[in-house]
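Trainee: There's a structure below that I have some questions on.
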Amino acid sequence: MKTKLFKTKKYTAMRKYLYILFALCMFLSSFGVWGQPNNTPVSLRWNNGGQAVKGDFIQIGNIRNFSTEAQSSATLKVPTHSSCLRVKWAGLYWSAYVPIGDRHNSRIEQVKFKMPGDTQFRDLRADVHMYSNFANSGDSYNCFKDVTSLLQSKGANFNNGEYTVSGIYSPNTIGSWGGWTLIVVYEDIQAATSKKIYIYDGAEWNFFNYNGTQTKTIPITGFQTPPAPAPIKARMGIFTGAGDKGTSYTAGDEIRINEVKQGQASNPNAYNDFMDETISFNHSEAAMPRNPSVTNHIDIDIFDIPNPNNSVIKNGDTSLTIKFVASDAYITYTVALSVDAIAPHIETHKEVLGLENAQWKDFTGKTTAFGEALKYRLKFRNIGNDNVRDAVLEDLLPKGVTYENFETLPSGVTFVSATPNYNNIGRTLVKFNVSPSLLQHSSTAPFSAPITINVKVQPDCANLIDLCSNEFKNQAEMVYHAVLDNKEYRTGSFATTGSACDQNNESATIFFVKDDTCQAQDLPYCGNMTLKGGAGFAAWKWTKEGQTGTIATTEDLQISTPGVYWVERTLPPGGNRCNNQLRIKYNVQTRTGDDKHPMRDASYVTERKVCNNTGIEYLGVSVCNTNVPMAINNATLSDTQVTWYRYKTQRAADDCPPQVANTGIQTD
């Protein structure tokens with residue numbers, strides 16, 4: 001049977017329509033009209049959790065040397081600052097244009113990076129790989145690497161130095177471009193104002209055809225500028241690709257802040273030709289030293305936004321818009337913005353004190369023994385430009401540190417609570433309310449009178465086995481709300497007692513505990529059990545007395561018989577910073593009835609039973625009245641060495657005291 005096809009008028013009309021649509025697409029493509037590309041939209045990368053920074057950002061960069069993929073360099077120089085500079089955040093970006101078939105080339109995510117003072121390049125791999133497809137012919141990628149810790153390792157020497165990038169991948173396709181930029185957010189605690197700082201990134205085309213202009217808008221929110229008559233200052237930085245200078249299509253390439261054009265009357269960064277292949281600071285190419293100083297369709301521009309009489313960004317503003325206007329094809333990789341803002345900024349200084357020669361002295365970084373008494377002393381101040389509605393000082397004590405009490409509190413501070421085993425993590429959370437009257441803002445505010453917390457060092461040897469587990473460190477945290485916008489802020493304490501530049505550098509307060517008490521440990525044998533060798537060491541060697549040779553080289557040792565076991569630990573590269581014991585003795589023996597339970601003679605104990613396998617003594621306690629107070633009076637035991645249990649199965653008896661059945665003890 002043959003299948004017959006019926007041709008209808010509707011079918012014929014549809015076929016003609018498809019032919020016309022196909023011809024139209026071919027015609028438009030010949031004039032450079034393309035469909036919507038696959039974009040990685042520009043989105044927020046970093047904003048310090050919405051909290052203000054006393055400082056600003058700086059941005060540098062250069063093109064990729066297409067002739068040899070050789071290195072290119074740029075010099076970072078913070079224009080105006082005090083002697084107190086440090087890196088808060090730093091991001092390195094590298095971008096280029098590649099054929100669409102190279103989208104997943106592994107070389108895209110690799111680059112070499114050299115900082116001031118380095119003699120060799122560092123090999124970096126991208127944290128994030130962003131890209132956009134254009135006209136189904138190529139990809140423009142943008143790679144991001146967080147280099148905060150690398151720059152912080154340079155201290156203040158991150159400034160006034162040359163940075164170099166090499167190996168940005170692109171196969172030298174005609175019309176290609178490539179380059180890199182480094183954005184650095186820096187703190188300057190002596191800065192007069194606070195800033196909200198926003199870092200955006202992506203790989204987003206701002207243009208899709210040559211038959212008109214298109215716009216992209218980035219809204220910025222989450223800040224409030226100071227009230228009148230304070231002048232409002234703001235800074236912007238961009239990194240874009242595929243820009244051209246002075247072509248027939250470039251008239252209309254603009255950046256607008258709150259609809260006000262940015263730039264100047266002529267290139268670089270002309271009002272109507274902002275994306276003009278320039279790398280500049282405040283519209284001066286000479287102010288951005290780099291090597292080589294050539295162009296290749298890359299724009300890296302950082303500029304202070306003109307704001308005469310606060311006409312662009314006004315007093316009390318809580319938002320602004322950045323608009324990109326495109327009459328030529330260009331792609332946005334990064335946008336950075338800082339703007340003056342009102343915000344409180346509380347510093348909390350936390351130090352640990354130990355008793356030396358009958359005097360309480362700073363014990364930061366020093367070593368104490370089991371059972372020693374210590375003091376934590378906390379002071380605070382507000383060096384921001386707004387006051388607070390309320391404030392709570394929270395101190396989550398390290399595990400193995402027991403809260404005792406607090407000393408006389410400063411006026412305006414009240415005790416809230418001390419919560420042991422907070423969130424079942426074995427640590428005590430101590431809280432104090434702080435009156436807003438003690439946190440009036442001033443850039444020169446003095447520190448408050450101290451809050452003093454008395455504690456005792458009572459760790460468990462089981463928690464001191466790992467490398468540097470005897471390093472006890474923690475930070476207090478001030479939680480507060482701003483008067484102006486009721487926004488919640490959290491700032492951690494700092495421990496350094498050095499120069500003024502060291503303050504506000506949030507860091508843990510640290511002391512060490514001697515672990516020699518744990519060098520020899522007596523443990524009851526409990527059948528198959530595991531002995532710990534301690535994490536963080538390079539190697540372990542286990543031996544057993546009475547047995548020749550090494551019995552294991554693993555971190556932990558499973559045992560099935562009692563005995564005396566030794567573990568020797570080998571340090572990793574870096575040495576024994578925490579002075580840990582390297583040989584640990586485990587004396588694992590079966591218990592006997594001679595090991596008396598500290599409660600065995602208490603009046604409320606109604607029955608004693610001894611396990612015939614381990615010799616461990618179990619006590620039966622009957623509650624004949626509403627309650628029975630139970631306590632262990634033994635000076636050699638600390639609170640951390642005692643654990644109380646309650647049997648799941650409770651049985652009422654005709655007569656009190658009842659008999660405690662073996663099955664009840666063994667199965668509960």
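The values are calculated or read from the model by the stated rules, or taken from the named source; none is laboratory data. Note that the structure is a prediction, hence the values are computed from the model and not measured. Positions of Cβ are backbone-derived with ideal geometry, glycine not excepted, and every protein chain shown enters the neighbour counts. For the accessible areas, the whole protein counts, side chains as well, though only heavy atoms, and no ligand, DNA or RNA atoms are used. Shrake-Rupley method; radii C 1.70, N 1.55, O 1.52, S 1.80 Å.
Trainee: At 1.4 Å probe radius, can you tell me the per residue accessible area of region 354-420 in Å²? Please report the intermediate quantities before stating the final value.
Mentor: Working: 3200 Å² over 67 residues.
Normalised by residue count, the accessible surface of region 354-420 is 48 Å².
Trainee: Between Ala373 and Lys314, what is the spin-label point distance in nm, taking each point 7 Å from the Cα along the Cα→C-beta axis?
Mentor: Here the answer is 6.2 nm between the modelled labels.
Trainee: Turning to a different aspect of this structure: Calculate, in nm to one decimal, what Val294 and Lys366 gain on full extension: separation in residues at 0.36 nm each, minus their alpha carbon distance. Spell out each step's value before the answer.
Mentor: Numbers: separation 72, 0.36 × 72 = 25.92 nm, distance 5.47 nm.
Length gained, Val294 through Lys366: 20.4 nm.
Trainee: What is the gain in length, in nm to one decimal, between Asn357 and Asn405 on full extension, counting 0.36 nm per residue of separation less the C-alpha to C-alpha distance?
Mentor: Numbers: separation 48, 0.36 × 48 = 17.28 nm, distance 2.28 nm.
The Asn357-Asn405 span can extend by a further 15.0 nm.
Trainee: At 7 Å along Cα-to-Cβ for each site, give me the label-to-label distance between Ser266 and Lys541 in nm.
Mentor: The answer from the label model is 7.9 nm.
Trainee: Return the sequence-ordered ³J(HN,Hα) values of region 413-422 in whole Hz as given by the Karplus equation 6.51 cos²θ - 1.76 cosθ + 1.60 applied to θ = phi - 60°, using x for Gly and Pro.
Mentor: 10, 10, 6, 9, 6, 10, 9, x, 6, 4
Trainee: Moving on to the next point. If r is the Cβ-Cβ distance from Thr517 to Ala287 and R0 is 51 Å, what FRET efficiency results, to the nearest 0.05?
Mentor: On the way: r = 62 Å, r/R0 = 1.21.
E between Thr517 and Ala287, to the nearest 0.05, is 0.25.
Trainee: Here is a follow-up. Please give the residues of region 141-173, grouped as numeric ranges, whose backbone N is less than 20 Å from a label point set 7 Å along the Cα-to-Cβ vector of Phe121.
Mentor: Taking a point 7 Å out along Cα→Cβ of Phe121, the residues of region 141-173 whose backbone N falls under 20 Å are 141-148, 150-151, 162-173.
Trainee: Okay, moving on. How large is the accessible surface per residue of region 54-209, computed with a 1.4 Å probe and reported in Å² as a whole number? Write out the running numbers ahead of the final one.
Mentor: Values: 5460 Å² over 156 residues.
Here the per-residue accessible area is 35 Å².
Trainee: What size of dipole, in debye to the nearest 20, comes out for region 218-300 about its Cα centre when the only charges are +1 on Lys and Arg C-beta atoms and -1 on Asp and Glu C-beta atoms?
Mentor: Working: 6 positive and 9 negative charges, 75 e Å.
It comes to approximately 360 debye.
Trainee: Taking the simple approach of a point 7 Å from Cα along Cα-to-Cβ for both Gln558 and Asp304, what is their distance in nm?
Mentor: In this crude spin-label approximation the distance works out to 6.9 nm.
Trainee: Another question about this same structure. Taking amide H atoms as placed 1.01 Å from N in the peptide plane, list the residues 5 or more away in sequence, or in a different chain, whose amide H sits under 5 Å from that of Val128.
Mentor: Phe144
Trainee: How much length is gained on full extension from Ser417 to Asp460, taking 0.36 nm per residue of separation minus their Cα-Cα distance? Display every interim value, and only then the final one.
Mentor: Details: separation 43, 0.36 × 43 = 15.48 nm, distance 2.46 nm.
Separation in residues times 0.36 nm, less the Cα-Cα distance, equals 13.0 nm.
Trainee: So what is the accessible area of region 212-322 per residue, in Å², with the probe set to 1.4 Å?
Mentor: Values: 4600 Å² over 111 residues.
Heavy-atom accessible area per residue stands at 41 Å².
Trainee: Something else: For region 189-194, in order, what is each residue's ³J(HN,Hα) by Karplus, 6.51 cos²θ - 1.76 cosθ + 1.60 with θ = phi - 60°, in whole Hz (x at glycine and Pro)?
Mentor: Residue by residue, region 189-194 yields 5, 9, 5, 6, 10, 9 Hz.
Trainee: What's the FRET efficiency of Arg490 with Gln440 using the Cβ-Cβ distance as r and R₀ = 22 Å, to the nearest 0.05?
Mentor: Numbers: r = 20 Å, r/R0 = 0.90.
According to the calculation, E is roughly 0.65.
Trainee: Using a Förster distance of 51 Å, how high is the FRET efficiency between Ile551 and Thr217, based on the Cβ-Cβ distance and rounded to 0.05? Mind dumping the intermediate values first?
Mentor: Working: r = 69 Å, r/R0 = 1.36.
So, using R0 = 51 Å, E works out to roughly 0.15.
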